[in-house]
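Engineer: Before we start, here is the structure in question, set down as structure tokens.
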Amino acid sequence: MSTLQENLKAANDAITYVQFHIKKAANKRQDRIEGVGGIEKTIEGMRKAAGLSVKPKAIPTVSAAASVSKKVSLFESLSAPPSAPKPFAKTEIGAGKLVWDGLSKQVEQVRLAAPWPSAPTFTDIEKVATAAQSAKVGNCHEQACLAVQYLLKLTKTKPDAVDLMEFTANGYDHVWVLVGRADGSKAGNPRDWGSKAVWCDPWQRDSAFSIADFVSGKIINLNAIYGCDSVDNVATGVPSSVFRYGTETR
């Protein structure tokens, strides 16, 4: 039986593996900023777009010597919609939008190459993982599939149970991997997942943590702006296992 520490190590290794193979996500703003050469070029593109098509609104002035965090904050304030942002919201203007369009088309091509059925098998997961790995682009769904593929191809350290999880809360949908969920536990109830369960989330980068710590409040999960920063909010999103490897089915 896998221990909690073994599950944490496997989850962290999976995240490292995914990060090495998938470099960009269409629904991560920082990836879009980097895609046009950094925040300086992004703001430059936004200024040009504002000068040409947005009247009378102008992009606020930011000193060239301003910190990167301040410039990123400017980008955030101008590109984020007034309500909770959607993962595919086309609200960026100028250079930021151009990168969104480019990355989103790449992700779309990955999804066309590996259609997702209503009852996916490991073969379906492998198709998604292979397509995303080849394109080096993928959102949470593609990154989670690659993590599942990695975990289930381990030999000596393969976890006892691996779930591909999804949920929707406040209009925000997310896919991640759950390692070591207890047999007989309810996929829709995080408090029931067991003491050895680990949240493995390549899309959130360094997000591998024990569910016990999450339930106790030691871990803040998704950003609070999405309303998913607590175990109660995750439960509200009705999490479900769309694929499970283990001694028990979903």
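Any read-out appearing in this document is the output of simple, stated calculations on the displayed coordinates, not a laboratory observation. Given the structure is predicted, the values throughout are model-derived calculations rather than measurements. Positions of Cβ are generated from backbone atoms using ideal geometry, with glycine treated the same way; all protein chains shown enter the neighbour counts.
Engineer: Using a simple spin-label model with points 7 Å from Cα along the Cα→Cβ vector, what separation in nm is obtained for GLN19 and LYS156?
Structural biologist: Result for the modelled spin labels: 2.5 nm.
Engineer: Report, by chain and number, residues whose modeled amide H sits under 5 Å from the one on SER207, excluding near sequence neighbours (fewer than 5 apart, same chain).
Structural biologist: ASP201
Engineer: While we're looking at this one, here's another question. Quote the FRET efficiency, to the nearest 0.05, computed for SER118 versus LYS186 with a Förster distance R0 of 22 Å and r equal to the Cβ-Cβ distance. Before the final figure, lay out the partial values.
Structural biologist: On the way: r = 21 Å, r/R0 = 0.95.
The formula returns an efficiency of 0.60 here.
Engineer: Cross-link list LYS136/LYS218; LYS24/LYS218; LYS105/LYS186; LYS105/LYS158; LYS105/LYS218; LYS28/LYS218: which exceed 31 angstrom alpha carbon to alpha carbon?
Structural biologist: Values: LYS136/LYS218 33 Å; LYS24/LYS218 29 Å; LYS105/LYS186 36 Å; LYS105/LYS158 34 Å; LYS105/LYS218 38 Å; LYS28/LYS218 25 Å.
As for pairs spanning more than 31 Å Cα to Cα, those are LYS136/LYS218; LYS105/LYS186; LYS105/LYS158; LYS105/LYS218.
Engineer: Follow-up. Sorted by packing (mean other beta-carbon atoms within 10 Å per residue), highest first, where do 147-156, 131-140 land? List each step's numbers first, then the result.
Structural biologist: Details: 147-156: 16.5, 131-140: 21.2.
In descending order of packing, they fall as 131-140, 147-156.
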